[in-house]
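Here is the structure we will look at.
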Amino acid sequence: MPSDNETRKKRAILLAVLMAISPYAQFSIGASAEEVGSGTDEEGTTIPVAIGNPPAYSKEVMAALQKAADLSQYDENDLFEEGNWVVITGMPLESHSSSMAGPDHSVAAPVLEGAYIWTFEDPSRALGDLSSSMELGELHSFYPLILESMHKRQLGSFPNDPLFGDQWHLDNTGQNGGTAGEDVNITGVWNDYNGNGVVISVIDDGVEMGHPDLISNFNYPMSWDWCYNVNDPTPWGDNAHGTAAAGVAAATINNSIDVTGAAGGATIAGQLLIACSISDSMKASALSHFNNSVDIYSNSWGPSDDGETLDGPGPLTIAAIEAGVTNGRGGLGNIFVWAAGNGLGNQDNSNKDGYANMRQTIAVTAVDHNGEQPWYAEPGANILLAAPSNSYYSGITTTDISGSAGYTPGNTTDTFGGTSSATPLVSGVIALMLEANPGLTWRDVQHILVETSRVNHASDSSWGTNGAGHEVSHKYGFGTVDAGAAVSLAETWTNVGPEESISSGVSSPNAAIPDDGSWLNLTANVMASQNGSASGNGLLIESVDVHLDIDHTWRGDLDIVLTSPSGTQSRLVDFHDDGSDDYADWRFGTVHNWGEHSNVNNGEWTLSIRDLYTGDTGTVNDWSVTVHGYFEPYSGDPDTDGDGWN
């Protein structure tokens, strides 16, 4: 029986020989002989050529085979103790046992053509015998099937950022008396995604690009100060709002510094805009800055939330947003996320904000640490979803401008909140979705959020079921954003068809609004057609715009409701304390008809208006309804009467 020293010596000699011929194994993979023979390498050296034509593998597989067959990378003991080997050969399976190596067992390897797993009951002979087979030209290549230990790609239980435990919006364990689980369900997503490769442009009052928890994610070239027209978005004075918003979206994750952002690996661009008086041109420029590189524009700003302001974007800004969804991101469309507003205490409604009620924007409201409407969060039929933010008892912990000028002395604050915080939180979730599926269009992002948002505060009377079976609320949209569900759906999502928009045309009833609380009902029909004929059940609806021109001496007196062909009611605006005149050519938006069919019940929409306070009167001059959505494949005649039969 040979001694251990003799065994080691023989192994060393064999390995030296194998190391010398190992490169030829890779050369022979590319050989194309029909039978055993020989060939030469570039230097004229004779080498064995394997039996049969080698399979046509991809470049990536060839590179992996070359790496795996490099025997120098393995531990010597592993090579002589491993009984299972992958071989590439053109020999038929029934001939394997009679080859020079003579494996005891041979089975086809999974997936890869021409690959087999040879098993040797005496592992110590495998390496030498395989080498002999290789020299005879029986094999193209071989490598040991050594077991490896893999590591889960996760952060551990939680990020190591020291203030993560205070960030209940990311992981609500009941902090400050909140309801455990009322968060964005995001920690599990971080095992696979952190927003890497996605750019979020935070349009605000500046972003401290040198903040220790933002600097590694910050992109200087894509940032700008629109107030002074310089390439430096650093805030001045106590303008801490944008820095806090940026931290909610994308403070660096797992760097042992301060806090965690929803998409802690995403890139941040900062646009200093709202720290000064701004023009339509400035807003348009900020909202289109680097729009082929920026994926998401996060906007935690808008008109006054005083309950009496009816205001929206100018022509240049509208054009910038429209161009963004049409041409941005290489034609996939930029994602515009917008704060729904903090004016509930002033009876404000998000539909009076012409930025947040555009169909191209995602209007975000807030819920508190119990999943309920906080004191400031405006309702609105335009609101797509909600996200956790502050209440009287729990603030949002995030980055703050360094020093004493921000919300709190130091680099962080736990007092941030409002829909200003909910908005970048959703922006961060969208960044995770886009990392999981970069091919999503702006509309696909909205679809996924509608399909996956979670019903919160289920006992609230604002919830109802629309004609497509979606639960939707005047307070919460389709519910609280669920990062886990959204990213999971994004991974396998099939993009929807191109957007179609169909209008009723302008109707001019010049109808007096009764001043006694009774309803004025106006109807319009919108029938979707293709090639000149009604198209099945019509569009699958995404959003609806109502253009309305009303003269009234106290517009806050009015309730305005839109009823869809499927019977879903959208409260466009409610009676509230607004003594201003008129809804002059105003566009209201609603997402409450998402997924409904436009052509049911002859596509009839009803606009209902009532005046709940006597003494001030008004007239409906003009109105129209425009339905946005897409055609789905259909067969048969349209179900125009809503009875379920074509």
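The values are calculated or read from the model by the stated rules, or taken from the named source; none is laboratory data. None of the values given here were measured: they were computed from a predicted structure. Every residue, glycine among them, receives a Cβ derived from its backbone with ideal geometry; neighbour counts consider all protein chains shown. Just so you know, the surface numbers come from the protein's heavy atoms only, side chains and all, with ligands and any DNA or RNA stripped out. Shrake-Rupley method; radii C 1.70, N 1.55, O 1.52, S 1.80 Å.
So how many Lys-Lys pairs in the chain land under 26 Å Cα to Cα, not counting same-chain pairs under 8 apart?
Values: Lys10/Lys67; Lys59/Lys67; Lys67/Lys152; Lys283/Lys352; Lys352/Lys475.
The result is 5.
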Charge dipole of the chain about the Cα centre (unit charges at C-beta), most positive-ward option of Ile186, Leu548, Thr465: Ile186
What are the ³J(HN,Hα) couplings of the stretch 270-276, residue after residue, when phi is run through the Karplus curve with 6.51, -1.76, 1.60 and θ = phi - 60°? Round to Hz, x for glycine and proline. x, 10, 7, 10, 8, 7, 9
Report, in whole Å, the centroid distance computed from the Cα atoms of the stretch 159-217 and the stretch 83-104. 54 Å
Cα pairs beyond 25 Å in the stretch 87-214, in percent, come to 57 percent
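What do you get for chymotrypsin sites (Phe, Trp or Tyr not before Pro) in the stretch 351-417 restricted to DSSP loop and a cutoff of at most 14 other Cβ within 10 Å of the site's Cβ? If you can, show how the numbers build up before the last one.
Numbers: sites: Tyr355, Trp375, Tyr376, Tyr392, Tyr393, Tyr407, Phe416; in loops: Tyr355, Trp375, Tyr376, Tyr392, Tyr393, Tyr407.
Those satisfying the criteria are Trp375, Tyr392, Tyr393.
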What label, among (i) 96, 61, 44; (ii) 70, 68, 59; (iii) 113, 68, 46, belongs to Cα extents along the principal axes in Å computed from the structure on display? (iii)
Determine the principal axes of the Cα atoms in the stretch 151-254, then give the extent along each, sorted from largest to smallest and rounded to whole angstroms. 45, 36, 19
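For the chain, list the DSSP H helices whose alpha carbon atoms reach 18 Å or more along the long axis and whose average Kyte-Doolittle value is -0.5 or above? It would help to have the intermediate numbers written out before the result.
Details: long enough: 4-29 (36 Å, 0.19); 419-436 (26 Å, 1.24).
In the chain, the long hydrophobic H runs are 4-29, 419-436.
Under 12 Å from the Cβ of Leu440, count the other residues' Cβ atoms, weight Lys and Arg +1, Asp and Glu -1, and hand me the total.
Working: positive: Arg329, Arg443; negative: Asp295, Glu435, Asp444, Glu491.
Summing Lys/Arg as +1 and Asp/Glu as -1 gives -2.
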Total formal charge among the other residues, if their Cβ is under 10 angstrom from that of Asn411, Lys/Arg +1 and Asp/Glu -1: -4
Distance from the Cα centre of the stretch 293-340 to that of the stretch 376-407, in angstrom? 20 Å
Accessible-area order (highest first, 1.4 angstrom probe) of the listed residues Tyr143, Tyr613, Tyr476, Tyr220: Tyr613, Tyr220, Tyr143, Tyr476
With a 1.4 Å probe and every protein chain kept in, tell me what percent of the accessible surface of the stretch 175-290 is carbon plus sulfur. 48 percent
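Accessible area per residue, 1.4 Å probe, Å², for the chain: what's the number?
Numbers: 25970 Å² over 646 residues.
Roughly 40 Å² per residue, with all protein chains present.
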Would you mind calculating the relative contact order of the stretch 303-456 from Cα pairs under 8 angstrom and at least 6 residues apart, reporting the percent as a whole number? 20 percent
Phe158-Ala109 pseudo-label distance in nm [points 7 Å out on the Cα-to-Cβ vector]: 4.5 nm
The percentage of the accessible area of the stretch 379-516 (probe 1.4 Å, all protein chains present) made up of carbon and sulfur atoms, to the nearest whole number, is 48 percent
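Kindly rank 341-353, 431-443 from highest to lowest mean number of other beta carbons found within 10 Å of each residue. Working shown, then result.
Details: 341-353: 25.5, 431-443: 22.2.
Listed from highest to lowest mean packing, they are 341-353, 431-443.
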Rank Asn346, Ser503, Val487 by how far each Cα sits towards the positive end of the charge dipole of the chain (+1 on Lys, Arg Cβ; -1 on Asp, Glu Cβ) and give me just the farthest. Val487
